[in-house]
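The values are calculated or read from the model by the stated rules, or taken from the named source; none is laboratory data. Here the structure is a predicted model, which means the values were calculated and not measured. Here the Cβ positions follow ideal geometry from the backbone for every residue, glycine too, while neighbour counts run over all protein chains shown. We work out accessible area using only protein heavy atoms, side chains counted, and drop any ligands, DNA or RNA first. Shrake-Rupley method; radii C 1.70, N 1.55, O 1.52, S 1.80 Å.
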Amino acid sequence: MAEKKEKTVSYRRAVWVDDVSGIDLEWCIREAHLKLKTVEERTIGYGGTLTRSARQRNVGSDDKSGLVLHLVADTPGESASVVPKVPERSSGLDLKTEAPPPDGEWLDGDAFVFVKGDHVCFCATGMRDGSIHWFLRELFKKAHLRKDSERFELAKAADITKLRLLHSQGVKEIEIKALVSQATALYEKRKATTYGTLGAAGKFLKSIWKAPNDYTNDSLNMVLSLKVDKRRRNGIKLGEKRIEALAVDIVKNAEKGDDFSILTKTGQRITQSEIFIRSKVLIDGEGKTVKRDKAWNELVEFYKVLTRSGSVE
C-alpha cells in the first residue's frame, strides 16, 4: 500500500483585465491543447528548466465539468544530490551526486490543477502558483491564442465577501497579534465606538490586566487566540454566536496594519488583506510526488465542497 502524503490543496481565481471578454481560463487551456498536441509542443523553457503539460483531460464524460492538468518540471542533465549511508559512529558525511537515468530526468517539481471556468484548484510539489500562472501564459502565447488571453492573474479569493464566508462556514478560531501599547491605546481612543482588531485586543487586555494603566512604553507582544471550549457542551451554541459576532466586528472595522487571522470551521483562513481558501488532504505518495489520479480526485472534491458552501460564488 502506498504511503500517504499530506498535501495542501488551494483555490485561486483567474482575474482578467477590464477590457477582456468572451473567454475564460478553461477555454484558453482547451484551445492551447487542441493546437499543441504533443508534450514537446507543450514544453516551455526558462533558465535551463523545462516545464511541460504532461496530461490534460476532462473531469467527466464531456467538457461540462471542467478539466484537470498535470504539469511537470525538470532540468535536463542535472544531477541529484544523494545522502550516502555511513557507519553509525561516523562524525560526518559528504554528499554525493547521481546523474539522471539514460531514459529520463530527475523531477524538479510538479503541479496538479483543476480548472472550471475561471476557478482553479491545485496542489503542488516544488512548484508555486506563480509558476503555474507563468506557464499558462507562455503556453497560450506559444499556441497563438487571442493576444488578450495572457492578460489574467491567478488571484487569491480576496474578492469573495468575507462576511458571507464567516456566516456560511462559522468561526473556529480568531487570532490577533499586537503590541500591548498599541492595543490598549487604540481601545482607549475608540472604546465608545466599534473598535476593530487592535481595539478588540485592547478591550480584552483591559479586562484581565492588573498592572498600572501606563502602557505607553510597553513593548510586550501579545497574541490573543479565541476559540470555543468544546468541553462545556451547554455553552457551545452561545460561544459560537459570540465568536462569530466578534469575527464579524473585526472584519467590518479592520484598519490598515491590523494583524489578525480568522479560521473558519471548514479550515479556510481570513486575514486583513486576503482569504486563503485551502485544505489539507492525504494522497497516495509516488516517489517525491503523489499519484496523479488520486490528486485530481481530491481537487475535484475540494471544488465541490467550496461550491456547496458558496465560497467560490
- [ ] Filter region 141-193 down to the residues that are of a type in the set (Ser, Thr, Tyr) and not in a loop (DSSP other than H, G, I, E, B), then identify the one that is modelled with the highest pLDDT.
- [x] Ser149
TODO: Could you list, in sequence order, all residues of region 91-121 that are open to solvent by less than 20 Å² (accessible area, probe 1.4 Å) and more than 23 Å from Ser79 (Cβ to Cβ)?
DONE: Ala111, Phe112, Val113, Phe114, Val115, Gly117, Val120, Cys121
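Listed here are the residues, each with its yes/no results for (1) farther than 17 Å from Gly104 by Cα; (2) in contact with a Leu (Cβ under 7 Å, 6 or more places away or on another chain).
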site: Tyr46; (1), (2): yes, no
site: Thr51; (1), (2): no, yes
site: Val59; (1), (2): yes, yes
site: Ser65; (1), (2): yes, no
site: Leu71; (1), (2): no, no
site: Pro76; (1), (2): no, yes
site: Ser81; (1), (2): no, yes
site: Lys85; (1), (2): yes, no
site: Ser90; (1), (2): yes, no
Open item on the list: Let me confirm something: among Gly77, Gly22, which residue is within 25 Å of Glu98 (Cβ to Cβ) and out of contact with any strand residue (DSSP E or B) (no Cβ under 9 Å at 6 or more places or on another chain)?
Closed with: Gly77
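Yes/no per residue for (1) more than 24 Å from Lys177 (Cα to Cα); (2) within 17 Å of the chain's Cα centre (by Cα); (3) assigned to a strand (DSSP E or B):
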position: Ile270; (1), (2), (3): no, yes, yes
position: Lys280; (1), (2), (3): yes, yes, yes
position: Lys294; (1), (2), (3): yes, no, no
position: Val300; (1), (2), (3): yes, yes, no
position: Lys304; (1), (2), (3): yes, yes, no
Task: Evaluation of Pro101 against (1) within 22 Å of Lys294 (Cα to Cα); (2) out of contact with any strand residue (DSSP E or B) (no Cβ under 8 Å at 6 or more places or on another chain) (one fails), failing number - done: (1)
- [ ] Examine region 16-32 for a residue that is open to solvent by 50 Å² or more (accessible area, probe 1.4 Å), part of a strand (DSSP E or B), under 16 Å from Asp118 (Cβ atoms) and in contact with a Phe, Trp or Tyr (Cβ under 9 Å, 6 or more places away or on another chain), and state whether such a residue exists.
- [x] no
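Count, please, the residues in region 33-45 that happen to be open to solvent by 60 Å² or more (accessible area, probe 1.4 Å) and not acidic (Asp, Glu).
Of all residues in region 33-45, those open to solvent by 60 Å² or more (accessible area, probe 1.4 Å) come to 34-35, 37-41.
After this cut, where a residue has to be not acidic (Asp, Glu) as well, the list is 34-35, 37-39.
Qualifying residue count, region 33-45: 5.
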Task: Search result, residues across region 46-86 that are open to solvent by 60 Å² or more (accessible area, probe 1.4 Å), in a strand (DSSP E or B) and either of a type in the set (Gly, Ala, Ser) or over 16 Å from Leu36 (Cα atoms) (or both) - done: Tyr46, Ser81
Open item on the list: For region 1-36, give me each residue that is without any contact (Cβ under 8 Å) to a residue 40 or more places away in the chain and of a type in the set (S, T, N, Q).
Closed with: Ser21
TODO: State whether one or more residues within region 302-309 are within 23 Å of Gly126 (Cβ to Cβ) and in contact with a Gly (Cβ under 6 Å, 6 or more places away or on another chain).
DONE: no
Task: Failed item in (1) open to solvent by 80 Å² or more (accessible area, probe 1.4 Å); (2) at pLDDT 80 or above; (3) hydroxyl-bearing (Ser, Thr, Tyr), with Ser219 passing the rest - done: (2)
